[in-house]
Amino acid sequence: MSSSPVIPPENLARVSDALTALARAGLPALEARMLVSHVTGLSRVQLITQDACAIDVAARARISELAARRLAGEPMAYLLGEREFFGRTFKVTPAVLIPRPDTEVLVEQALDRLEERDAPAVLDMGTGSGIIAISIALARRDARVWATDASADALAVAIDNAKALGATNVQAALGDWYGALAGTDAPPAFDLIASNPPYIAATDAHLDQGDLRFEPASALTDHDDGLRHLRSIVAGAPARLVSGGWLLVEHGYDQGEPVRALLGGAGFANVFTAQDLAGHDRCSGGQWPDQNAGARSSLK
Ligand code: GLN
């Protein structure tokens, strides 16, 4: 195929023309509707009911530009600047990983485990756009949630999202994993620690495909075997969890077994793995033993 076809803005005079022109250029119908809706401000229903609506010259140029970038592979989420997650719209920029529905499994598992706890302290490390921290904070207004990231640009997106979505119970901290908490007023121990760290192995061919080509490498891969950050997160968790507290991590479809082994090896109890919608192992966790149950004395 030749390089991305240019869509002449003059072919985008009305809504119906624009949808036809984008489809002819090779854009899937849904993406064409999303782009036209985004630029014109018309809802997707209005695109149908007002399909003769004129598109102004500036909007035609913008649609043409976004369509060309999409045809060159840029992710829809970055072009639109937003993505849905757990029923809400989050701002996203190329500084953050694009929210995946897979990560909703982690949020559901976390909320289940927080059900019995009043005013829980929660930590989300490597928060990116803030989806995990903010979804938990909004479902549990009594929770105090800390969201960390090593990237200042990513943390700024998380802070914007927390503000826009009214998650006033989220606090942001810049830095690597547990180190981000130094000098903050975070509690010494949390009821739940969650993380969706970079877990793709450096050699994984997926890094050169699809949306991943445009996402921050530092949010996707550990430039190692895929388990480097998961190891650090598991190793540091016992010192930062209350007894009975939970650690939950997202991981790759083939990392369930090694992550369960890491958790078990570190002394976690009730170790489990949950599957994503595609049926792949996606999230594992464990509970730091309750000291009152005398389990701690048996730990290595
Ligand atoms: N699940 C993402 C993917 O495979 C990766 C997310 C991550 O590295 N944390 O595209």
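The values are calculated or read from the model by the stated rules, or taken from the named source; none is laboratory data. Computed from a predicted model, the values in this text were never measured in an experiment. Every residue, glycine among them, receives a Cβ derived from its backbone with ideal geometry; neighbour counts consider all protein chains shown.
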Practice prompt. For the range 31-49, indicate whether the set of residues that are out of contact with any Pro (no Cβ under 9 Å at 6 or more places or on another chain), at pLDDT 95 or above, of a type in the set (Lys, Arg) and farther than 30 Å from Pro198 by Cα is non-empty.
Written response: yes
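Does the range 158-177 hold any residues that are of a type outside the set (A, V, I, L, M) and within 16 Å of the ligand (Cβ to nearest atom), and which are they?
Asp176, Trp177
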Discussion item. Could you tell me how many of the residues in the range 74-124 are of a type in the set (A, V, I, L, M), outside any strand (DSSP E or B) and under 15 Å from Ala139 (Cα atoms)?
Written reply: 7
Discussion item. If Asp142 satisfies all but one of (1) more than 18 Å from the chain's Cα centre (by Cα); (2) away from the ligand (no atom under 16 Å from the Cβ); (3) closer than 21 Å to Gln109 by Cβ; (4) not in a loop (DSSP other than H, G, I, E, B), what's the number of the condition it fails?
Written reply: (4)
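Okay, residues lined up against (1) free of Cβ contacts under 8 Å to residues at least 40 places away in the same chain; (2) within 15 Å of the ligand (Cβ to nearest atom); (3) within 22 Å of Ala186 (Cβ to Cβ):
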{"residue": "Asp208", "(1), (2), (3)": "yes, yes, no"}
{"residue": "Asp211", "(1), (2), (3)": "no, yes, no"}
{"residue": "Glu215", "(1), (2), (3)": "no, yes, no"}
{"residue": "Ala237", "(1), (2), (3)": "no, no, yes"}
{"residue": "Gly244", "(1), (2), (3)": "no, no, yes"}
{"residue": "Tyr253", "(1), (2), (3)": "yes, yes, no"}
{"residue": "Glu257", "(1), (2), (3)": "yes, no, no"}
{"residue": "Arg260", "(1), (2), (3)": "yes, no, no"}
{"residue": "Ala269", "(1), (2), (3)": "yes, no, no"}
Worksheet item: Would you say Ala72 is in contact with a strand residue (DSSP E or B) (Cβ under 6 Å, 6 or more places away or on another chain) and touching a residue at least 60 places away in the same chain (Cβ under 8 Å)?
Response: no
Practice prompt. Only residues that are surrounded by 18 or more Cβ atoms within 10 Å (Cβ to Cβ) and among the polar types (S, T, N, Q): list them for the range 233-259, please.
Written response: Gln255
Worksheet item: Among the numbered criteria (1) more than 10 Å from the ligand (Cβ to nearest atom); (2) among the hydrophobic types (A, V, I, L, M, F, W, C); (3) touching a residue at least 60 places away in the same chain (Cβ under 8 Å), which single criterion is violated by Leu220?
Response: (1)
Worksheet item: Which ones in the range 39-65 are surrounded by 18 or more Cβ atoms within 10 Å (Cβ to Cβ) and either assigned to a loop (DSSP other than H, G, I, E, B) or within 29 Å of the chain's Cα centre (by Cα) (or both)?
Response: Val39, Thr40, Leu42, Ile55, Arg62, Ile63, Ser64
Worksheet item: Residues of the range 85-104 being surrounded by fewer than 19 Cβ atoms within 10 Å (Cβ to Cβ) and within 16 Å of the ligand (Cβ to nearest atom), which ones?
Response: Pro94, Arg100, Pro101, Asp102
Response to the item:
Per the filter on the range 235-262, residues more than 20 Å from the chain's Cα centre (by Cα), among the aliphatic types (A, V, I, L, M) and under 21 Å from Gly179 (Cβ atoms) are Ala235, Ala237, Ala239, Leu241, Val242, Leu262
Discussion item. Taking the condition of being part of a helix (DSSP H, G or I) and either within 14 Å of the ligand (Cβ to nearest atom) or closer than 16 Å to Pro216 by Cβ (or both), how many residues in the range 178-206 meet it?
Written reply: 2
